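A.B. asks: Before anything else, here's the structure in question.
What follows draws every value from the coordinates through simple rules; no lab data is involved. Values in this document were obtained by computation on a predicted structure and should not be read as measured data. Because the Cβ atoms are built from the backbone with ideal geometry, glycine has one as well, and the counts that use them run over all protein chains shown.
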Amino acid sequence: MLRLFARQAVRASSKPSVRSFGAAAPEAELKKTALYDTHVKLGGRMVPYAGYSLPVQYPDGVVNSHNHCRNGASLFDVSHMGQLVLTGSKRIEFLESLVPSDLAGLKEDQARLAVLLNEKGGIIDDCMITRRPDHVYMVVNAGCKAKDVAHLRAKLQQFNTNLSATEKVVLNELEDRALVALQGPQAAQVLQSLLPNVDLNQQQFMFSRNYNIFGVDCWVNRCGYTGEDGFEISVPNDAAPEFFLNLSKIQGVLPAGLAVRDSLRLESGLCLYGHDISEDISPIEAGLAWLVAKRRREEGGFPGYEAIMNHIKNGVEKKRVGLSYEKGAPAREGALIKSQEGEVIGNVTSGTLSPVLKKPIAMGYVKSDFAKVGTKVGIDVRGKINEAEIVKMPFVPARYFKPT
């Protein structure tokens, strides 16, 4: 679930094609996570991103770092994301009035990817929602954090009218906790070595647990934004620097930055908010119909219900697709996608040179008539038409944890 937004003219030298990061803001105005000094100490190259100063890469280089996550265990700082807690007995009902997920059907400690919707059925943000015993824990995108909190508070003011004290939903922002992601096929082995009295095979994908690691109270959700097995770990700010350093010292663990998160998520066919999904795109257009639960399709009760059901029943004019080609420069956001006859049929929303596949890959939207896998298209990259093909996603198979 971790997402990268805005841009800056910054390039990482170790990778042929790297997304630019950051918002144009003076260094003095940037926020710093609790791990800022730790990144500098470890050699992280800091850049502006979503109002924060964050590492875009480390000394091992982007390609090496990317491949390490696909084969080992990588450590990311995602503390810029918004961590929220909702309490009150009506918390599930409140959130179901804003998202199309079946949250009532979640088991205790189970997490689910969800989308906050506007009245047109567009995506305000994507978020992770975890049903804990006495609260709901949410993680929202860094670039949408202020907007999301304002949206939730406005809706709460209406929802809480005439409710009792125990029923009323209360929203708290957890500004005192950092968030660290340990990702890769060796992530579980690394974490298991620190939890001798726990069997991590019993913690399923998209389930959360509380563990004491290095003497620190940690909230650990088995999830991630890389297509690999992994964990997102919430820790108190004051313990975060030593926690991150201790993890980075374990054999096989390397810190990684924003550029790698972007290339990993794109290989895995995962959307980047503000690029592949937005307030003008519905979950159906984005190929995320599975986020609209069966019960919610029947009952409704969420914003944009009629528009989304119309998309489900009658189809959409455009669809998100995967694209790849063998030769040429990687396509960037905004690159035009054309039919073989030269008609403009869509545009690229994300693109990179895949370190695993060693060829350009991209995501974008095309007219529905051209969205079938195997369709030949052209992508205009700086005036040159690259012959591409609509392909199935993910580009690199996901390896999320499955119990044996």
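A.B. asks: When averaged across all projection directions, what area in nm² does the alpha-carbon convex hull of segment 115-174 cover?
C.D. replies: Convex hull of Cα atoms, orientation-averaged projection: 4.8 nm².
A.B. asks: Let me ask something else about it. Quick query: amide H of G252 versus all other amide H atoms, modeled in the peptide plane; which residues come in under 5 Å with a sequence gap of 5 or more or a different chain?
C.D. replies: Distant-sequence amide H within range of G252: zero hits.
A.B. asks: Rank the residues S53, S79 as a footprinting-exposure proxy: fewest other Cβ atoms within 10 Å of their Cβ go first. Before the final figure, lay out each step's value.
C.D. replies: Working: S53 21, S79 25.
The order, fewest Cβ neighbours first, is S53, S79.
A.B. asks: Over segment 317-391, how many pairs of lysines fall under 12 Å by alpha carbon, counting only those 8 or more apart in sequence or from different chains?
C.D. replies: 10
A.B. asks: Could you work out the helix-only [θ] at 222 nm for the chain, with each DSSP H run of four or more residues adding -39,500 (n - 2.57) and the total divided by the number of residues, to the nearest 500 deg cm²/dmol?
C.D. replies: -5500 deg cm²/dmol
A.B. asks: Compute the projected area of the convex hull of the Cα atoms of segment 317-391, averaged over all viewing directions, and report it in nm² to one decimal place.
C.D. replies: 4.2 nm²
A.B. asks: Additional query: Could you work out the relative contact order of segment 204-300? I mean the mean sequence separation of Cα pairs under 8 Å and 6+ apart, divided by the number of residues, in percent.
C.D. replies: Reported as a whole number, the value is 16 percent.
A.B. asks: Under a Cβ-Cβ cut-off of 14 Å, what is the net charge of the residues other than V381 that fall near it, where Lys and Arg count +1 and Asp and Glu count -1? Let's see the in-between values first.
C.D. replies: On the way: positive: K327, R332, K338, K359, R382, K384; negative: E326, E333, D380, E387.
Within the 14 Å Cβ shell, the charges total +2.
A.B. asks: Can you give the net charge of the other residues whose Cβ lies under 12 Å from the Cβ of V216, counting K and R as +1 and D and E as -1?
C.D. replies: Every neighbour counted, the sum reads -2.
A.B. asks: How would R399, R70, R261 line up from fewest to most surrounding beta-carbon atoms within 10 angstrom?
C.D. replies: R399, R70, R261
A.B. asks: Given contacts defined as C-alpha pairs under 8 Å and at least six residues apart, what's the relative contact order of segment 317-391, whole-number percent?
C.D. replies: Across segment 317-391, relative contact order equals 39 percent.
A.B. asks: Just how far, in whole angstrom, is segment 229-252 from segment 83-137 if you go by their alpha carbon centroids?
C.D. replies: So the two Cα centres are separated by 27 Å.
A.B. asks: Please list 3J(HN,Hα) in residue order for segment 204-214, calculated via the Karplus relation 6.51 cos²θ - 1.76 cosθ + 1.60 where θ = phi - 60°; whole Hz, with x for glycine and proline.
C.D. replies: Values per residue, Gly and Pro as x: 6, 4, 6, 10, 10, 9, 9, 10, 9, 10, 6 Hz.
A.B. asks: Treat the count of other C-beta atoms within 10 Å as a stand-in for reagent exposure and order F207, F214, F244 from fewest to most.
C.D. replies: Going from sparsest to densest Cβ surroundings: F214, F207, F244.
A.B. asks: On to the next question. Give me, ordered by chain and number, the residues 5 or more places off R399 or on other chains with an amide H under 5 Å from its own placed amide H.
C.D. replies: HN-HN under 5 Å from R399: E228, D229.
A.B. asks: For a test of the definition: using alpha carbon positions, the gyration tensor, and the 1.5 limit on a/c, classify the chain as rounded, prolate or oblate.
C.D. replies: oblate
A.B. asks: Residues with beta-carbon under 15 Å from that of R131, excluding R131: net charge, scoring Lys, Arg +1 and Asp, Glu -1? Let's see the in-between values first.
C.D. replies: Values: positive: K90, R91, K107, R112, R132, R209, R222; negative: E93, E96, D102, E108, D109, D134.
Counting the neighbours of R131, the net charge comes to +1.
A.B. asks: Percent of Cα-Cα pairs more than 17 Å apart in segment 130-268, please.
C.D. replies: Distances greater than 17 Å cover 67 percent of the Cα pairs.
A.B. asks: At a threshold of 8 angstrom on Cα-Cα distance, excluding pairs fewer than six apart, so keeping six or more, what relative contact order does the chain reach in percent?
C.D. replies: On the way: 926 pairs, mean separation 73.3, N = 404.
Reported relative contact order: 18 percent.
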